């Protein structure tokens, strides 16, 4: 069916038989005959030759869509086969948000380099909304995020579970009557064992200023839903792109932020904030590893992924 797909595709791209023929270095009559043969074999007309420039028929749109899928599959297959046969090890690329690229990946890569110093690993810091494109176009091999990417395109694996807690500047006087609910560092490292009775009533903070991530981010939606569960719409002082930056602003005393527990665990000696547990299903979420469904990994890369999945954060 696709024996002459490059000829048909060039006509589609140039919307002209003459320009396509020049691009293919064939005569226009020869190109016209080839396309006509394809149409005869398929029993459909692919191009409306009466229009100017030439346009696809409905059948032509279906055929071109199929050609593009075949071309993309050929490209990915070629890249994957090259990766398996190339004597030089390719760079394995991880992508994720600022938090993972600055707080998580470097430690993992450093420790793994002692296990396999030959595997070269790169990090790309991007917004969560860009991860699917970076994986789809082979700009990265593995992505980490909490959002759910298209299951038709990507395989996913839960890496770890985390919990969102409330971080409040210690200087805020609202803490004075809530100290019994404040979490210790030991509590934060073992949140599953903290009783529900110690969860703070979030509605007490309804008149305070919050720092939120921008719309479209999973944490923005979860934080908003938690506030709605407690019956109020938060006063949002500022919207940020990155959670780590939001946390730093909260540490400076500028507002309250919903934060992932692991950020606090890694900031053990910070004493500028008090933390509170939240009673909400929206406060619990999973962090997932994603990769393209037809992605082929070398043996070295498979070993690294296996190590990554088992790494204790």
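Where a number appears in this text, it was derived from the coordinates with a stated rule and is not lab data. Quick caveat, the model's predicted, so the values are computed rather than measured. Positions of Cβ are backbone-derived with ideal geometry, glycine not excepted, and every protein chain shown enters the neighbour counts.
What is the Cα radius of gyration of the stretch 5-85 over 2.2 N^0.38 Å, N being its residue count?
On the way: Rg = 14.4 Å, N = 81, 2.2 N^0.38 = 11.7 Å.
Working it through for the stretch 5-85, the quotient is 1.23.
Run the simple label-point estimate for residue 27 and residue 232 please: 7 Å along Cα→C-beta, distance reported in nm.
Going by the 7 Å Cα→Cβ label model, 8.2 nm.
Taking the simple approach of a point 7 Å from Cα along Cα-to-Cβ for both residue 157 and residue 18, what is their distance in nm?
Those two pseudo-labels are separated by 5.7 nm.
Which FRET efficiency value, to the nearest 0.05, do you get for residue 269 and residue 309 by plugging their Cβ-Cβ distance into 1/(1 + (r/R0)^6) with R0 = 22 Å?
On the way: r = 30 Å, r/R0 = 1.35.
The pair residue 269/residue 309 has a calculated efficiency of 0.15.
Run the quick spin-label model on residue 124 and residue 75: label points 7 Å from Cα toward the beta carbon, then report their separation in nm to one decimal.
Taking the simple label geometry, residue 124 and residue 75 are separated by 1.3 nm.
According to the square roots a ≥ b ≥ c of the eigenvalues of the Cα gyration tensor, what is the shape class of the stretch 162-285, taking rounded for a/c under 1.5, prolate for a/b larger than b/c otherwise, and oblate for the remainder?
Rounded, since a/c falls under 1.5.
Report the FRET efficiency, 1/(1 + (r/R0)^6), for residue 110 and residue 170, where r is their Cβ-Cβ distance and R0 is 30 Å, rounded to 0.05.
Efficiency computed from Cβ-Cβ geometry: 0.35.
Answer with a single label: of [x] 19.9; [y] 21.6; [z] 23.5, which was calculated as Kirkwood radius over Cα pairs in Å from the structure in view?
Read-out from the structure maps to [z].
If you consider only alpha-carbon coordinates, what radius of gyration and Dmax does the stretch 90-158 have, in Å?
Here Rg and the maximum Cα pair distance are 12.3, 36 Å.
What length, rounded to one decimal in nm, is gained on full extension from residue 195 through to residue 40, with 0.36 nm per residue of separation minus their alpha-carbon distance? Walk me through the numbers before you get to the answer.
Details: separation 155, 0.36 × 155 = 55.80 nm, distance 7.30 nm.
Roughly 48.5 nm would be gained on extension.
Please build a GNM for the chain, connecting alpha carbons under 10 Å apart, and tell me which residue among 283, 140, 21 fluctuates the most.
Of 283, 140, 21, the most mobile in the Gaussian network model is 21.
Under the 0.36 nm per residue contour assumption, what length would be gained going from the current alpha-carbon distance of residue 139 and residue 48 to full extension? Show your work: numbers first, answer last.
Numbers: separation 91, 0.36 × 91 = 32.76 nm, distance 3.74 nm.
Separation in residues times 0.36 nm, less the Cα-Cα distance, equals 29.0 nm.
Mean residue ellipticity at 222 nm from the helices of the chain, using -39,500 (n - 2.57) per DSSP H segment of n ≥ 4 over the full residue count, to the nearest 500 deg cm²/dmol?
-11500 deg cm²/dmol, from helical runs alone.
Starting with the fewest neighbours, write out 123, 34 ranked by other beta-carbon atoms found within 10 Å of each beta-carbon. If you can, show how the numbers build up before the last one.
Values: 123 16, 34 19.
The fewest-first ordering by Cβ neighbours comes to 123, 34.
Using the count of nearby Cβ atoms within 10 Å as a rough guide to exposure, how do 35, 13 rank from fewest to most? Don't skip to the answer; put the middle values down first.
On the way: 35 21, 13 12.
Listed from fewest to most nearby Cβ atoms, that is 13, 35.
So, R0 is 51 Å and r is the distance between the beta-carbons of residue 58 and residue 209; what FRET efficiency does that work out to, to 0.05?
On the way: r = 55 Å, r/R0 = 1.09.
Efficiency, from the Cβ-Cβ distance: 0.40.
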